[in-house]
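First up is the structure itself, then whatever we jot down about it.
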Amino acid sequence: MLGKLKSAALAVTFATAICGPAVAAEKIVICALTFVSSAPLFIAADKGYYAAEGLDAELKFFRAAQPVAVGIASGDCDFGVTGFTAGFFNLAGKGALKVIGAQSREEPGFDFVGFIASNKAYDAGLKSVTNLPGHSVGTTQVGSTMHYMVGMLRDKYGWANDAVSLKPLQSVPNMIAAIKGGQVDAVPLPAHIVAKLVDSGEAKLIGWVHEQTPWQLGGLFTSSRNVAERRPMVEAFVRAYQKAARDYNAAFNAVDASGKRVFGPAAEALLPTLESYTKSTPDAIYKGAPFIDPDGRLKVDQLLEQIAWMKKEGLVEADLDPMSFIDLSFVQGHYGVPGN
């Protein structure tokens with residue numbers, strides 16, 4: 001018996017020498033909103049892509065974009081995937097954050113964020129985004145992505161600064177309640193929520209952002225400390241994210257010869273994952289799946305345009321240097337890079 005125990009111990013020692021001791025997965029916390037635009041995060045979790053890269057990932061969810069940036073800056077989150085806001089840029093300008101890739105963008109032909117009107121406002125004539133002057137629009141916060149969407153329309157059509165009354169409501173659930181109750185005339189919301197409200201008769205669609213002002217809405221970011229001190233971990237996360245983004249691309253970015261979106265078995269296979277995280281129906285997911293770059297490539301020029309607009313509006317510091325916090329080294333092939 002003793003001989004057998006010795007043999008077993010030797011076998012374990014030999015195996016450890018050959019394979020090395022087990023390495024614990026590196027703990028990371030990922031923060032985002034439960035929108036379809038966060039799909040690669042969900043896919044990577046469900047398909048084990050984080051684990052395959054040696055990462056033990058925890059997902060935390062918020063109801064607006066700005067708290068995600070604050071979570072990264074405070075160290076409560078390691079990665080964030082959400083829209084670019086004035087608050088984000090100001091934190092990044094102080095050295096807390098690094099943009100390392102793209103989330104979703106407003107791409108022509110891909111419904112992402114839609115403007116919807118309350119039934120009362122629609123019946124009174126608010127039937128297009130061009131009718132917004134003289135009306136109130138609910139947003140999450142001043143300097144939010146939704147604020148910028150209204151700002152782009154204002155600049156495009158030459159409206160006066162006070163032509164549209166912005167109503168900060170702090171969260172998406174508050175925006176939904178306000179449009180249902182008629183407390184605001186219009187709100188911009190993600191397409192899967194638009195589909196629910198329009199299909200239920202609680203609001204009316206008056207236009208899509210991609211039809212008016214295509215832009216790089218969201219990004220993938222981390223803390224400057226992670227880039228400096230945990231670069232291999234950041235690289236591992238980006239690989240997992242890209243793998244999931246390519247799955248999403250194959251499932252939801254396909255179009256036919258006429259430019260119409262087509263969905264097949266690949267999309268069907270991912271529906272349970274997206275339903276689980278977004279609490280949306282398959283129909284709402286199909287209607288609202290945005291364009292997500294398969295490699296996480298940014299449209300850098302559009303990001304710079306947004307920052308310039310926010311400087312003009314006094315929402316970010318005038319001396320903010322965008323290239324001090326945009327790190328293009330983790331993803332190859334970004335678009336619109338200055339000097340290229």
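Every number in this text was worked out from the coordinates using simple rules, so none of it is lab data. Bear in mind that the values here come from a model prediction, so they are computed numbers and not experimental data. Positions of Cβ are backbone-derived with ideal geometry, glycine not excepted, and every protein chain shown enters the neighbour counts.
At a 10 Å Cβ-Cβ cut-off, how would you order Ile100, Ile28, fewest neighbours first?
With the sparsest Cβ surroundings first, the list reads Ile28, Ile100.
Apply the Karplus curve 6.51 cos²θ - 1.76 cosθ + 1.60, θ = phi - 60°, to the phi angles in segment 36-47 and return the couplings in whole Hz, x for Gly and Pro.
Working through the residues one at a time gives 4, 5, 8, 3, x, 4, 5, 5, 4, 5, 5, 8 Hz.
Mind pulling the angle between the C-alpha long axis of helix 231-252 and the longest principal axis of the chain? Nearest 10 degrees, somewhere in 0 to 90.
That helix lies at roughly 60 degrees to the long axis.
Give me the net charge for the shell around Phe35: Cβ to Cβ below 14 angstrom, other residues only, Lys and Arg +1, Asp and Glu -1.
Value of the local net charge: +2.
Please list the radius of gyration and Dmax for segment 45-194, considering alpha-carbon atoms only, with Å as the unit.
When restricted to Cα atoms, segment 45-194 yields Rg and Dmax of 17.5, 57 Å.
Where the Cα atoms of segment 113-212 are projected onto their three principal axes, how long is each span, largest first, in whole Å?
Principal extents (Cα only, largest first): 34, 27, 24 Å.
Please compute the contact order of segment 113-212 in relative form: average sequence separation of alpha-carbon pairs under 8 Å and at least six residues apart, divided by the residue count, as a percent.
Once normalised by length, the contact order is 50 percent.
Under unit Cβ charges (Lys, Arg +1; Asp, Glu -1), what dipole magnitude, rounded to 20 debye, does the chain have relative to its Cα centre? The partial results should precede the final answer.
Details: 31 positive and 33 negative charges, 103 e Å.
The calculation lands at about 500 debye.
Could you work out the mean projected area of the convex hull around the alpha carbons of segment 170-314, in square nanometres to one decimal?
Hull-based average projected area comes out at 11.8 nm².
Given Cα pairs under 8 Å that are at least 6 residues apart, what percent is the relative contact order of the chain?
Rounded, it is 26 percent for the chain.
Structure shown: which of Lys167/Lys260; Lys98/Lys311; Lys120/Lys156; Lys94/Lys279 lie over 30 Å apart, alpha-carbon to alpha-carbon?
Lys167/Lys260; Lys94/Lys279
Please give the FRET efficiency for Asp123 paired with Ala24, using the beta carbon to beta carbon distance and R0 = 51 Å, rounded to the nearest 0.05.
Between Asp123 and Ala24 the formula returns 0.25.
Rounded to the nearest 0.05, what FRET efficiency do Val142 and Ala257 give with R0 = 35 Å and r taken as the Cβ-Cβ distance? Could you check?
Working: r = 44 Å, r/R0 = 1.24.
Here the calculated transfer efficiency is 0.20.
Determine, from the Cβ-Cβ distance of Asp283 and Glu305 and an R0 of 41 Å, the FRET efficiency 1/(1 + (r/R0)^6), rounded to the nearest 0.05. Walk me through the intermediate numbers first.
Numbers: r = 34 Å, r/R0 = 0.83.
Efficiency, from the Cβ-Cβ distance: 0.75.
Go ahead and set up a Gaussian network model of the chain, Cα springs under 10 Å, then flag whichever of Gly101, Gly80, Gly158 fluctuates most.
Gly158
Tell me, Kirkwood radius of the chain from alpha-carbon pair distances, in Å? Could the numbers behind the result be given before it?
Values: mean 1/r = 0.0472 Å⁻¹.
Result for the chain, one decimal place: 21.2 Å.
For Leu220, which sequence-distant residues (separation of 5 or more, or a different chain) have an amide H within less than 5 Å of its own amide H, given hydrogens modelled in the peptide plane?
For Leu220, the qualifying residues are Ile100, Gly101, Ala102, Gln103.
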